[in-house]
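Participant: Can you keep this structure in mind? I'll have questions shortly.
The values are calculated or read from the model by the stated rules, or taken from the named source; none is laboratory data. For clarity, every value in this text was computed on a predicted model and none was experimentally measured. FYI the Cβ positions are ideal-geometry reconstructions off the backbone, even for glycines, and counts take in every protein chain you see. Side chains are part of the model used for accessible areas, which takes the heavy atoms of the whole protein and leaves out ligands, DNA and RNA. Shrake-Rupley method; radii C 1.70, N 1.55, O 1.52, S 1.80 Å.
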Amino acid sequence: MGGTLRLRGNVLALTVVAGCLDIAANGLYLLAAHQGELSIVAPIASLYPASTVLLALAVNKERLRPVQFAGLGLAATALILAAT
């Protein structure tokens, strides 16, 4: 189990971009939590799994079941209700 993982080409570039975006997102969350209203920042930040689902739909052409679409809709509705 002493193998190494080597990223090359497009995979390496995408990994670097993803890492930079992750660092930026964490920094912006800290800034928003420090300077903004936490009651608004926290619910929005809690929706980060939705972006993963949307990327899976767009990039991997995955299909969601109706119950999963309902879950995304309910999460968005809860965010709107919590923010008002």
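Participant: Considering only residues that are at negative phi and among the charged types (D, E, K, R), which ones fall in the stretch 15-69?
Facilitator: Of everything in the stretch 15-69, those that are at negative phi and among the charged types (D, E, K, R) turn out to be Asp22, Glu37, Glu62, Arg63, Arg65.
Participant: I've got another one for you. Restricting attention to the stretch 55-73, which residues are of a type in the set (A, V, I, L, M), farther than 20 Å from Ala18 by Cα and exposed (fewer than 10 other Cβ atoms within 10 Å of the Cβ)?
Facilitator: At the first step, the residues of the stretch 55-73 found to be of a type in the set (A, V, I, L, M) are 55-59, 64, 67, 70, 72.
Then drop every residue that is not farther than 20 Å from Ala18 by Cα, which leaves 64, 67, 70, 72.
Answer for the stretch 55-73, where residues must be of a type in the set (A, V, I, L, M), farther than 20 Å from Ala18 by Cα and exposed (fewer than 10 other Cβ atoms within 10 Å of the Cβ): just Val67.
Participant: Across the stretch 31-54, what is the total count of residues that are outside any helix (DSSP H, G or I) and open to solvent by less than 70 Å² (accessible area, probe 1.4 Å)?
Facilitator: Narrowing the stretch 31-54 to residues outside any helix (DSSP H, G or I): 36-37, 46-47.
In the following step, the residues that additionally are open to solvent by less than 70 Å² (accessible area, probe 1.4 Å) were identified as 36, 47.
Result for the stretch 31-54: 2.
Participant: Every residue in the stretch 55-70 that is in contact with a helix residue (DSSP H, G or I) (Cβ under 9 Å, 6 or more places away or on another chain) and either assigned to a helix (DSSP H, G or I) or touching a residue at least 60 places away in the same chain (Cβ under 8 Å) (or both), please. Please lay out each step first, then the result.
Facilitator: At the first step, the residues of the stretch 55-70 found to be in contact with a helix residue (DSSP H, G or I) (Cβ under 9 Å, 6 or more places away or on another chain) are 62-64, 68.
The one that is in contact with a helix residue (DSSP H, G or I) (Cβ under 9 Å, 6 or more places away or on another chain) and either assigned to a helix (DSSP H, G or I) or touching a residue at least 60 places away in the same chain (Cβ under 8 Å) (or both): Gln68.
Participant: Now for a different question. Keeping to the stretch 21-30, report how many residues are of a type in the set (A, V, I, L, M, F, W, C) and open to solvent by less than 80 Å² (accessible area, probe 1.4 Å).
Facilitator: Residues of the stretch 21-30 of a type in the set (A, V, I, L, M, F, W, C): 21, 23-25, 28, 30.
Cutting the leftovers down to open to solvent by less than 80 Å² (accessible area, probe 1.4 Å) gives us 24-25.
Residues that pass the stated criteria total 2.
Participant: What are the pairs, 6+ residues apart or on separate chains, where a residue within the stretch 15-29 that is at pLDDT below 90 has its Cβ under 8 Å from a residue that is surrounded by 10 or more Cβ atoms within 10 Å (Cβ to Cβ)?
Facilitator: Thr15/Leu7; Tyr29/Val41; Tyr29/Ala45
Participant: Hey, another quick one. Those residues that are of a type in the set (S, T, N, Q) and surrounded by 10 or more Cβ atoms within 10 Å (Cβ to Cβ), I need them from the stretch 1-20; list them, please. Even if it seems obvious, please write down each step before you answer.
Facilitator: Step one: of the stretch 1-20, the residues of a type in the set (S, T, N, Q) are 4, 10, 15.
The answer is Thr15, and nothing else.
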